[in-house]
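The structure appears below as structure tokens.
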């Protein structure tokens with residue numbers, strides 16, 4: 001019998017920062033004792049704020065709350081309590097809010113996955129929340145916060161709005177935030193040309209994504225067995241063209257080379273595999289093999 005339910009919940013991850021180094025410095029027994037004490041403090045705060053502990057994963061806790069306000073309040077209290085205790089351990093926290101599957105005390109779904117990305121983005125003593133979490137706060141004015149640049153997170157096609165809750169209040173040591181997005185989007189219109197044999201594609205704000213690969217569904221179909229069916233995509237992001245490799249064999253990018261003057265220097269070639277790479281002004285893309293071994297299937301790119 002399936003006892004799962006789906007509700008809008010606030011998902012919170014709290015992770016003890018620097019625990020690996022602590023084990024190395026203090027030894028297993030002492031480090032484990034300090035981390036256990038920190039986790040116990042966090043669990044108490046979660047329970048006091050009507051939260052529910054899902055699991056304790058090593059030096060991290062996963063929990064959920066019925067609304068975003070309780071989650072944000074608990075996050076602030078965790079940071080404040082550890083500071084008052086003069087704890088040497090620092091915690092980073094990520095929160096998301098949205099539809100969540102609750103089954104046998106565990107939580108599943110996209111909301112949980114994105115919350116995990118948020119704690120991954122956070123630095124020690126930071127509280128990072130999604131835009132959907134911020135918009136779900138019943139009394140947002142109760143929380144001092146600042147909006148950061150929207151980011152692309154793994155597994156999501158669209159940019160995610162990011163906010164930081166400033167639990168210390170008016171922190172005079174806070175880094176002044178200048179939006180890279182605002183600066184870059186104020187530049188003049190730009191575009192990148194991709195040329196593969198007789199095929200030309202343009203990436204710009206109007207056409208922000210071009211897919212590359214052997215599969216028929218790709219925008220640029222590369223006729224090479226070394227290329228994966230869905231090998232890579234190039235996206236427009238804040239005035240730059242960013243290559244995202246999704247392939248088995250990886251992608252080779254030759255820097256600052258042109259079709260009329262290709263570079264033969266191997267040290268100009270960068271290997272990109274299951275990661276992102278911002279393309280320079282000009283260059284060559286080779287799917288699945290170095291450019292010198294893939295002469296008939298090279299993609300030339302340049303900013304226009």
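Using R₀ = 41 Å, calculate the FRET efficiency as 1/(1 + (r/R₀)^6) where r is the Cβ-Cβ separation of residue 293 and residue 20; round to 0.05.
Numbers: r = 39 Å, r/R0 = 0.96.
Computed FRET efficiency for residue 293 and residue 20: 0.55.
Would you mind putting 101-109, 209-217 in packing order, based on average other-beta-carbon counts within 10 Å, highest first?
Numbers: 101-109: 13.9, 209-217: 17.1.
The peptides rank, most packed first, as 209-217, 101-109.
Helix-only mean residue ellipticity at 222 nm, the chain, DSSP H runs n ≥ 4 weighted -39,500 (n - 2.57), per residue, nearest 500. What is it? Show your work: numbers first, answer last.
Details: 6 runs with 69 residues, N = 304.
So the calculated ellipticity at 222 nm is -7000 deg cm²/dmol.
Evaluate 2.2 N^0.38 Å with N set to the residue count of region 194-304, then give the Cα radius of gyration divided by it. Please report the intermediate quantities before stating the final value.
On the way: Rg = 12.4 Å, N = 111, 2.2 N^0.38 = 13.2 Å.
After normalising by residue count via 2.2 N^0.38 Å, the value is 0.94.
How would region 36-78 be classified by its alpha-carbon gyration tensor: rounded, prolate or oblate, with rounded meaning a/c under 1.5 and the a/b versus b/c comparison settling the rest?
Values: a/c = 2.15, a/b = 1.51, b/c = 1.42.
In terms of gyration-tensor shape, prolate.
Under the definition of Cα pairs under 8 Å and six or more residues apart, what whole-number percent is the relative contact order of region 192-303?
Numbers: 274 pairs, mean separation 28.8, N = 112.
The value is 26 percent.
Normalising by the residue count of region 23-106, find the relative contact order in percent from Cα pairs under 8 Å and 6+ residues apart. Each step should come with its number before you reach the end.
Numbers: 66 pairs, mean separation 20.4, N = 84.
In percent, rounded to a whole number, it is 24.
Highest mean first, what order results for 83-91, 129-137, 292-300, 278-286 on Cβ atoms within 10 Å? Spell out each step's value before the answer.
Values: 83-91: 14.3, 129-137: 21.3, 292-300: 16.3, 278-286: 19.1.
Result, highest mean Cβ count within 10 Å first: 129-137, 278-286, 292-300, 83-91.
Tell me, what is the percent relative contact order of the chain, built from C-alpha pairs under 8 Å that lie six or more residues apart?
Values: 641 pairs, mean separation 36.7, N = 304.
The value is 12 percent.
Which order do the peptides 237-249, 18-30, 57-69 come out in when sorted by mean C-beta neighbours inside 10 angstrom, highest first?
Numbers: 237-249: 17.8, 18-30: 12.7, 57-69: 19.5.
For the peptides 237-249, 18-30, 57-69, the packing ranking is 57-69, 237-249, 18-30.
Read-outs throughout are calculated quantities, based only on the coordinates presented, and are distinct from any laboratory measurement. Quantities reported herein were computed from a predicted structural model and do not represent experimental measurements. Here the Cβ is made from the backbone with ideal geometry for all residues, glycine too, and neighbour counts use every protein chain on show.
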